């Protein structure tokens, strides 16, 4: 007897998460345990600390997710277990994958090994079930900046990507340079809202060239500007950097929309929580007469509900994974590439 439910587990970096998601992509529970306090003093995620922290909280997080959905460890009430198998930190991935395999063996259920980035592509569909395809997803996080054509679940084409730093990485590096602490991206976003985005002239690299992006030069330009004028207000530095970064992302996103004739512009990944990026994407999509799917803040950051949504697609279209599946810290999402 099937229940139409999947237990999903996510532990690719510094969030330990579990969720129960139904076949029609309703989220019955979503529990996330953050490690920000553990890594804050180091200015970034320490892989060994992250792995140990996952070990400590994985069981109670899973139990909490099952309980919230009306189940338990002894009576889970699910049809399968989905888990992030990559990309991510190898130690963190192993904790989640080992836990999922153990549960599958104990409960006699199939395993669904999910690519973390595909989870981000499904995040918006959890809240916009009637999302219109084709869509262009701007996937922006600490490690990824990609423009992806999504023709439907499992049908992806890579249109463009960063050639160096990801947008989130540039945010974190500039925030660290400005002494804003960890995590730097949200702190810089808050500060930027108080500053003048035109205070400093900063480059928009590759703005008129294709769909690839580059942010390493922007980061360097900020450092040169501050070194050249130490009297610059920190709010203005943050606002000018954010304006330059968002300009490039939005210009390229809308170019991708025009290229594929997209009906929806979708944001995904941690940087999708950025206030200016959300505002500009919604504004440009409205002007172009297309929909804009902005995931809630909870769905921007790493969570297990999005892994459950991707897991359902795999369960119904591809089938289960082997219990011998290994964690893959550099797992690339299977996508077509433009020539």
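Of note:
- Of the beta bridges in the chain, as assigned by DSSP with both residues counted there, near 55 percent are antiparallel.
- Taking a ≥ b ≥ c as the square roots of the eigenvalues of the alpha carbon gyration tensor, segment 157-278 is prolate, as a/c is not under 1.5 and a/b beats b/c.
- (1) 32, 56, 12, 0; (2) 28, 48, 22, 2; (3) 27, 57, 16, 0, with the label sought being that of the calculated P(r) over Cα pairs in 20 Å bins from 0, in percent: (1)
- Rounded to the nearest 10 degrees, the angle from helix 167-177 to the longest Cα principal axis of the chain is 60 degrees.
- Among beta bridges that DSSP assigns inside segment 132-297, antiparallel share in %, nearest 5: 55
- A Förster radius of 35 Å combined with the Cβ-Cβ distance from residue 130 to residue 68 puts the calculated FRET efficiency at roughly 0.85.
- Ordering of 108-114, 241-247, 196-202 by packing [mean C-beta count within 10 Å, highest first]: 241-247, 108-114, 196-202
- Relative contact order, whole percent, for segment 132-297 stands at 27, derived from Cα pairs under 8 Å and 6 or more residues apart.
- Sorting 62-75, 131-144 by their mean Cβ neighbour count within 10 Å, with the most densely packed peptide first, gives 131-144, 62-75.
- Counting other Cβ atoms within 10 Å as a rough exposure proxy, the listed residues 28, 323 run 323, 28 from fewest neighbours to most.
- For residue 224 and residue 25, the FRET efficiency from 1/(1 + (r/R0)^6), where r spans their Cβ atoms and R0 equals 56 Å, is about 0.75.
- With Cα atoms, 0 to 90° folded angle of helix 234-260 axis to the chain main axis: 70
- Angle between the chain longest axis and helix 116-127 axis [Cα atoms, degrees, rounded to 10]: 90
- When the square roots of the Cα gyration tensor eigenvalues are ordered a ≥ b ≥ c, the ratio a/c for segment 1-79 is 1.5 or more and a/b exceeds b/c, which makes its shape prolate.
- Taking 7 Å steps out from each Cα toward its Cβ at residue 161 and residue 288 produces label points 2.1 nm apart.
- Inter-centroid distance (Cα atoms) of segment 221-248 relative to segment 84-121, Å: 40
- Secondary-structure-derived ellipticity at 222 nm for the chain, considering helices only, amounts to -14000 deg cm²/dmol, per-run term -39500 (n - 2.57) for DSSP H runs with n ≥ 4.
- The label point for residue 49 and the one for residue 3, both projected 7 Å from the Cα toward the Cβ, are 3.6 nm apart.
- The order of 315, 122, 42, going from fewest to most other C-beta atoms within 10 Å of their C-beta, is 42, 315, 122.
- Cα-based shape type of segment 1-142, given that a ≥ b ≥ c are square roots of the gyration tensor eigenvalues and the cut on a/c is 1.5: oblate
- Taking other C-beta atoms within 10 Å as the exposure proxy, 234, 223 rank 223, 234 from fewest upward.
No value in this document is a laboratory result; all are computed from the given coordinates. Given the structure is predicted, the values throughout are model-derived calculations rather than measurements. Note: ideal-geometry Cβ built from the backbone for every residue, glycine included; neighbour counts use all protein chains shown.
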